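Worksheet for the structure shown next.
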Amino acid sequence: MRCLAALMMALSCGSAFALPQQSAVPGGIVILPLPAGLPETVTARFGEDPVFIDKDSKGERRLILGIPLNAEPGPAQVVIDGSKEKQTLDFSIGTKQYTEQHITLPAGDKHINPGPEELARYAREAKEQQAIYKTFSENGAGWPGFVTPTRGELTETFGLKRFFNDEARAPHLGMDIPAPEGQAVIAPASGVVVQTGDYFFNGRTVMIDHGHGLISMLCHLSKITAKAGDRVRQGDIIGRVGHTGRATGPHLHWTVSLNNARIDPLLVLPAASKPVSKP
Ligand SMILES: [Zn+2]
């Protein structure tokens, strides 16, 4: 029933129904129409990373581009490959001030000051994840619709400049949804499970490839019920909320990556998924 309803919605509304919100800032998304007359086979890249090409209901193509959180504000361009002459699409990256978050963890916590073995483990795991974010598969046809991966209050926690016990750390590259331990976590959009594991910082984690460089990562799970290679539909249960890895309490951490840029997951959700609260 759910699929039929989704299909009818797609038919009646066109694919524009599911498009993400635009926000041309670091950690945001821009949508750029592809000029008419280019060969069907053209590809686009932002830096080295291939870009998602979507089609609207009339068959017009558009690029859906993620802007990395560390991008410099100012002029930027996407390069179109595969046409007779080299073409670029120019756009401009604005600024956004993300807020600071101060977290206190017990001083002896290994996640605050990891030892050499833990750091080596983290380096291995980070490399593995980065390789997945760089993949560009043919899973899925166009931009998929998204729903929140678990029930709970949505928070503006993406991009927070974090401090653990007053020491500056890497910015927060996803959204945290506080939720009770054991609550179902679902695939926020259809795709293929590409990785599951138990990681030092992220805890039990599932990564889902939605296709064309669009990838979700769901972390700190108490239990994983999906396995690599599973094809999942939006709404399929992939695990349970927990607080494994570095987590101060049970919550779901959700990262969305587009052309290898981690972007604010709030932007891919329909406007009705709001309201939003500050951390
Ligand atoms: Zn988080």
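Laid out as a table, the results:
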item: Extension gain, Gln183 back to Lys223 (0.36 nm per residue minus Cα-Cα distance, nm); result: 13.4 nm
item: Over the chain, relative contact order from alpha-carbon pairs under 8 Å, at least 6 apart, %; result: 20 percent
item: Cα-based shape type of region 106-192, given that a ≥ b ≥ c are square roots of the gyration tensor eigenvalues and the cut on a/c is 1.5; result: oblate
item: Region 14-93, relative contact order in percent, only Cα pairs under 8 angstrom and at least six apart counted; result: 33 percent
item: On Cα atoms only, tilt of 116-133 relative to the major axis of the chain in degrees; result: 20 degrees
item: Cα convex hull of region 14-93, projected area averaged across orientations, nm²; result: 5.3 nm²
item: Gain in span if fully extended, Val42 to Leu119, counting 0.36 nm per residue against the direct Cα distance; result: 23.6 nm
item: Set of lysines near Lys223 by C-alpha distance (under 23 Å), chain-local residues within fewer than 8 positions excluded; result: Lys110
item: Surface per residue (accessible, 1.4 Å probe) for region 108-187, Å²; result: 52 Å²
item: Acute angle (nearest 10 degrees) that the helix 2-13 long axis makes with the longest principal axis of the chain, alpha-carbon atoms; result: 40 degrees
item: Pairwise centroid distance, computed over Cα atoms, of region 65-95 with region 200-245, Å; result: 30 Å
item: Whole-Å distance, taken between Cα centres, linking region 178-193 and region 16-57; result: 27 Å
item: Dimensionless Rg/Rh of the chain - Kirkwood Rh, Rg from C-alpha atoms; result: 0.97
item: Derived scalar couplings ³J(HN,Hα) [region 236-245; Karplus, 6.51 cos²θ - 1.76 cosθ + 1.60; whole Hz; x for Gly, Pro]; result: 5, 6, 10, x, 10, 4, x, 9, 6, x
item: Estimated [θ] at 222 nm from DSSP helical runs (n ≥ 4, -39500 (n - 2.57)) normalised by residues in the chain, nearest 500; result: -3500 deg cm²/dmol
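The values are calculated or read from the model by the stated rules, or taken from the named source; none is laboratory data. Since the structure is predicted, the reported quantities are computational estimates derived from the model, not experimental observations. Accessible surface is based on the protein model in full, side chains and every heavy atom, while ligands, DNA and RNA are left aside. Shrake-Rupley method; radii C 1.70, N 1.55, O 1.52, S 1.80 Å.
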